[in-house]
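Accompanying notes for the structure given below.
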Amino acid sequence: MKLLVTGGAGFIGSAFVRLILDLREPPAIVNLDKLTYAGNLENLDPIASRSGYRFVRGDICDAPLVDALIQEERPDAMIHFAAESHVDRSILSPSPVIETNLRGTFTLLEAARQNHVPRFVHVSTDEVYGSVPRPLEADENFPLNPSSPYSASKAGSDLLARAYFTTYRVPVIVTRASNNYGPYQFPEKLLPLMISNALEGRPLPVYGDGQQIRDWLYVDDHCRAIHAALEKGREGEIYNIGGSRSLPNIEVIRKILAATGAPETLIRYVEDRPGHDRRYALSSAKIMKETGWAPQVSFEDGLAHTIEWYQRNTGWVARVKSEEYRNYYARNYESRSEHIEPAS
């Protein structure tokens with residue numbers, strides 16, 4: 001089997017490439033990535049010289065490139081990770097998420113249709129469901145209610161993928177995962193931001209009261225689920241992928257401080273971001289029943305391994321915290337007013 005992976009130099013995409021190439025009978029993989037700020041070829045150093053692996057630098061919105069690559073490689077499946085994936089950045093500047101997440105997905109789907117690609121897995125997010133009230137869990141038929149430009153662009157690309165299945169019979173599968181974490185994650189998302197700041201003794205900016213609830217999924221568990229959907233999922237279906245471990249953000253942050261030995265005085269409560277969803281909650285019953293997948297890594301073990309990785313890879317962190325990152329950090333956090341710790 002040959003796989004065309006988009007966004008394979010990003011956090012989740014690179015974890016998938018590393019995981020798949022470590023299988024007993026690994027498929028050939030072609031990795032198409034634009035190498036934006038969050039795409040990093042260092043994430044692929046462990047497998048860069050493997051036989052059967054090829055990297056192509058390019059934009060998923062470049063239709064002639066995508067079409068030529070599919071015709072040259074004739075992949076058995078496309079796994080579509082490539083996306084502008086950060087909510088805060090989409091709020092600061094919504095144009096990139098619309099271009100990449102909608103136009104890019106359209107470009108890939110159209111190329112898959114024209115070239116009769118046998119399988120297309122579209123990787124999405126639980127954020128398309130918006131804030132889920134207690135005690136509900138979103139299953140695959142839960143109404144879409146995106147709150148940010150990012151989640152709206154992902155909901156739109158999900159619907160486009162489903163439409164290509166219904167209208168053109170493109171063999172699409174859509175997966176929607178909860179909050180991923182693990183090694184190699186760019187330090188703008190909650191866990192790597194808090195871990196790297198704690199290790200550096202920097203303030204930890206906490207939105208609002210910190211009581212937003214997220215379900216945590218170790219990245220390798222997510223990648224195993226995508227592989228299960230690729231092999232056993234039904235065309236035209238959606239599969240939720242959750243970690244079955246929901247925690248308030250502030251509780252996660254305190255676990256990080258305890259594990260790193262950093263003081264809680266580093267916590268800085270700051271003005272909340274606009275449209276911040278209060279609670280995400282997924283049901284993964286469908287993918288478990290149909291493929292046999294289940295998460296293997298507990299949050300405690302996954303968090304410990306992730307913190308250890310960031311402690312051992314300070315050079316990687318320093319390199320990705322480039323001038324672009326520092327400018328984004330200043331725009332997003334340093335202009336926010338601080339407030340006192342919320343009453344417990």
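The values are calculated or read from the model by the stated rules, or taken from the named source; none is laboratory data. Treat the numbers as computed from the prediction; the structure is a model and nothing was measured. When we count neighbours, we look across all protein chains shown, and the Cβ atoms used for this are built from the backbone with ideal geometry, even at glycine.
For every residue, the table says whether it meets (1) in contact with a strand residue (DSSP E or B) (Cβ under 9 Å, 6 or more places away or on another chain); (2) at negative phi; (3) free of Cβ contacts under 8 Å to residues at least 12 places away in the same chain; (4) among the acidic types (Asp, Glu).
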residue: Gly10; (1), (2), (3), (4): yes, yes, no, no
residue: Gly13; (1), (2), (3), (4): yes, yes, no, no
residue: Phe16; (1), (2), (3), (4): yes, yes, no, no
residue: Leu19; (1), (2), (3), (4): no, yes, no, no
residue: Leu23; (1), (2), (3), (4): no, yes, yes, no
residue: Tyr37; (1), (2), (3), (4): no, yes, no, no
residue: Gly52; (1), (2), (3), (4): yes, no, no, no
residue: Val56; (1), (2), (3), (4): yes, yes, no, no
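In this structure, Ser151 does not satisfy being buried (at least 23 other Cβ atoms within 10 Å of the Cβ), hydroxyl-bearing (Ser, Thr, Tyr) and closer than 23 Å to Phe55 by Cα. Could you say whether any residue in the stretch 171-186 is assigned to a helix (DSSP H, G or I), modelled with pLDDT of 95 or more and among the basic types (Lys, Arg)? Looking for residues that are assigned to a helix (DSSP H, G or I), modelled with pLDDT of 95 or more and among the basic types (Lys, Arg), one finds none in the stretch 171-186, hence no. Of the set (1) surrounded by fewer than 16 Cβ atoms within 10 Å (Cβ to Cβ); (2) under 19 Å from the mean Cα position of the chain (by Cα); (3) under 19 Å from Pro187 (Cα atoms), all apply to Ser298 but (3).
Table: residues versus (1) assigned to a helix (DSSP H, G or I); (2) in contact with a helix residue (DSSP H, G or I) (Cβ under 7 Å, 6 or more places away or on another chain); (3) of a type outside the set (Gly, Ala, Ser).
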{"residue": "Ile226", "(1), (2), (3)": "yes, yes, yes"}
{"residue": "Asn240", "(1), (2), (3)": "no, yes, yes"}
{"residue": "Lys289", "(1), (2), (3)": "yes, no, yes"}
{"residue": "Val297", "(1), (2), (3)": "no, yes, yes"}
{"residue": "Leu303", "(1), (2), (3)": "yes, yes, yes"}
{"residue": "Thr306", "(1), (2), (3)": "yes, yes, yes"}
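Any residue at all in the stretch 106-128 that is at pLDDT below 95, hydroxyl-bearing (Ser, Thr, Tyr) and on the phi < 0 side of the Ramachandran plot? Within the stretch 106-128, none of the residues are at pLDDT below 95, hydroxyl-bearing (Ser, Thr, Tyr) and on the phi < 0 side of the Ramachandran plot.
When the stretch 9-48 is limited to residues that are among the acidic types (Asp, Glu) and farther than 20 Å from Ala225 by Cα, the one that is surrounded by the fewest Cβ atoms within 10 Å (Cβ to Cβ) turns out to be Asp45. Among the residues making up the stretch 187-203, a single one is in a helix (DSSP H, G or I) and acidic (Asp, Glu): Glu200.
As a summary of the residue check, Glu188 satisfies the conditions (1) surrounded by fewer than 20 Cβ atoms within 10 Å (Cβ to Cβ); (2) farther than 21 Å from Ala77 by Cβ; (3) not aliphatic (A, V, I, L, M) except for the one numbered (1). Among the residues making up the stretch 74-120, those that are in a loop (DSSP other than H, G, I, E, B), more than 21 Å from the chain's Cα centre (by Cα) and surrounded by fewer than 23 Cβ atoms within 10 Å (Cβ to Cβ) are Arg74, Asp76, His116, Val117, Pro118. When Asp220 is tested against (1) in contact with a strand residue (DSSP E or B) (Cβ under 7 Å, 6 or more places away or on another chain); (2) assigned to a helix (DSSP H, G or I); (3) acidic (Asp, Glu), only condition (1) is not met.
Cβ-Cβ distances below 9 Å connect no pair with a first residue in the stretch 71-87 that is under 9 Å from Val5 (Cβ atoms), a second residue that is of a type in the set (Phe, Trp, Tyr) and part of a loop (DSSP other than H, G, I, E, B), and a separation of six or more residues or different chains.
What single numbered condition from (1) free of Cβ contacts under 8 Å to residues at least 60 places away in the same chain; (2) crowded, with 23+ Cβ neighbours inside 10 Å; (3) not aliphatic (A, V, I, L, M) fails to hold for Asn180? The single condition Asn180 does not satisfy is (1).
On the basis of being acidic (Asp, Glu), surrounded by 17 or more Cβ atoms within 10 Å (Cβ to Cβ) and farther than 30 Å from Tyr168 by Cα, does Asp272 make the cut? Give the steps one after another, and end with the answer.
Numbers: acidic (Asp, Glu): yes; surrounded by 17 or more Cβ atoms within 10 Å (Cβ to Cβ): no; farther than 30 Å from Tyr168 by Cα: yes.
It is false that Asp272 is acidic (Asp, Glu), surrounded by 17 or more Cβ atoms within 10 Å (Cβ to Cβ) and farther than 30 Å from Tyr168 by Cα.
Pairs meeting the criteria (first residue in the stretch 291-313 and closer than 19 Å to Leu257 by Cα and of a type in the set (A, V, I, L, M), second residue at pLDDT below 95 and surrounded by 15 or more Cβ atoms within 10 Å (Cβ to Cβ), beta carbons under 9 Å, at least 6 apart or on different chains) are lacking.
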